[in-house]
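Right, one structure below, let's go through it.
The values are calculated or read from the model by the stated rules, or taken from the named source; none is laboratory data. A quick note: this is a predicted structure, and the numbers were derived from the prediction, not measured. Using ideal geometry, Cβ is built from the backbone for each residue, glycine included, and neighbour counts are taken over all protein chains shown. What goes into the accessible areas is simple: the full protein's heavy atoms, side chains included, and nothing from ligands, DNA or RNA. Shrake-Rupley method; radii C 1.70, N 1.55, O 1.52, S 1.80 Å.
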Amino acid sequence: MVLKVYAVSDGPPSLSVRQALVKLGIPFELVNVDFGKGEHMTAEYAVLNPQKEIPVIDDDGFYLSESNAILQYICDKYAPGNDLYPQDPKTRAIVNHRLCFNLSTYYANISAYTMAPIFFDYERTELGLKKVHMALDVFNTYLERLGTVYAAADYLTIADFQLINSTMTLEAIDFDFSKYTKVYKWYNNFKQRHPELWKISEDAMKEIQHFAANPPDLSNLSHPVHPIRKINK
């Protein structure tokens with residue numbers, strides 16, 4: 001049975017899972033979950049994930065949610081020893097750290113400023129802006145201290161996917177983060193070195209830009225939606 005990936009087309013965590021599978025050359029069936037129609041809130045979807053969050057994988061009856069766990073599982077099962085999720089304890093610890101940092105701080109603060117006002121009745125505030133700058137400053141410091149080309153090593157890892165797609169949402173709303181020079185260089189380096197992977201992010205960015213210009217009406221959904229932090233994990 002081919003691995004199934006239940007994903008939303010413009011959700012950063014969904015994009016990261018797709019990029020890992022493409023990079024590793026793992027065949028998969030992409031099942032689009034229509035967030036606008038509330039497909040993630042149905043009883044059928046709850047069988048896959050009681051949290052009703054996106055993405056989820058179905059690996060021959062093994063259901064797994066939480067994008068960080070999915071990325072780790074994919075690498076461990078289908079590509080053990082691959083540098084995308086390195087075996088060296090210290091390097092893997094840094095990868096795991098960056099994944100946790102993205103979930104708890106980077107994506108959490110950035111998405112609340114970039115994505116929430118597009119898809120929800122949510123305003124961009126000065127406090128929200130401060131949190132974005134704080135997240136960028138911390139990530140910039142991590143990159144500066146580690147001194148590597150990528151987020152966790154001198155080669156691409158699954159941590160880069162999550163952080164790239166969080167950062168992509170800033171570009172989607174024309175947020176200038178060029179003063180964070182390490183982040184800016186890392187982000188553009190990914191685009192230049194991995195055009196086939198960046199294309200996945202870029203297509204999603206265009207969708208976000210479309211929705212920003214044409215806000216979707218989610219008020220009449222038959223199924224209520226989660227708050228922004230619950231959309232994609």
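Here Ala79 and Lys191 are evaluated by their C-beta separation; at R0 = 30 Å the FRET efficiency comes out at 0.80. Only Cα pairs within less than 10 Å get springs; with that Gaussian network setup on the chain, which residue of Pro13, Pro86, Pro27 has the largest fluctuation? Among Pro13, Pro86, Pro27, the largest mean-square fluctuation in the Gaussian network model of the chain belongs to Pro27. Which of the following values of volume of the Cα convex hull per residue in Å³ was calculated from the structure shown: (1) 128; (2) 298; (3) 113? Identified label for the calculated read-out: (3).
Exceeding 31 Å between C-alpha atoms, which entries from my cross-link table qualify? They are Lys4/Lys37; Lys4/Lys179; Lys185/Lys206. Result: Lys4/Lys179 exceed 31 Å.
Sparse packing (at most 14 other Cβ atoms within 10 Å of the Cβ) combined with a DSSP loop state is found for the following GluC sites (Glu not before Pro) in region 112-202: Glu123. Report the residue, chosen from Asp58, Asp137, Asp176, that carries the largest GNM mean-square fluctuation when the chain is represented by alpha-carbon nodes joined by springs under 10 Å. Top of the fluctuation ranking is Asp176. Taking label positions 7 Å along the Cα-Cβ direction at both Glu207 and Ala46, the computed distance is 2.5 nm, reported to one decimal. Computing FRET efficiency as 1/(1 + (r/R0)^6) for Ile173 and Asp60, where r is the C-beta to C-beta distance and R0 is 45 Å, gives about 0.70.
In summary, the convex hull built on the alpha carbon positions of region 1-129 has an orientation-averaged projected area of 8.9 nm². Per-residue accessible area (protein heavy atoms, 1.4 Å probe) orders Glu29, Glu53 as Glu29, Glu53, starting from the largest. Considering only DSSP beta bridges with both partners in the chain, what is the antiparallel share in %, to the nearest 5? The antiparallel proportion sits near 55 percent. Counted residue by residue at 0.36 nm each, then reduced by the alpha carbon distance between them, the extension gain from Met134 to Lys37 reaches 31.5 nm. For the pair region 1-19 / region 139-202, the C-alpha centres are spaced 19 Å from each other.
The figure for Asp83 is an accessible area of roughly 80 square angstrom, using a 1.4 Å probe on the protein chains alone.
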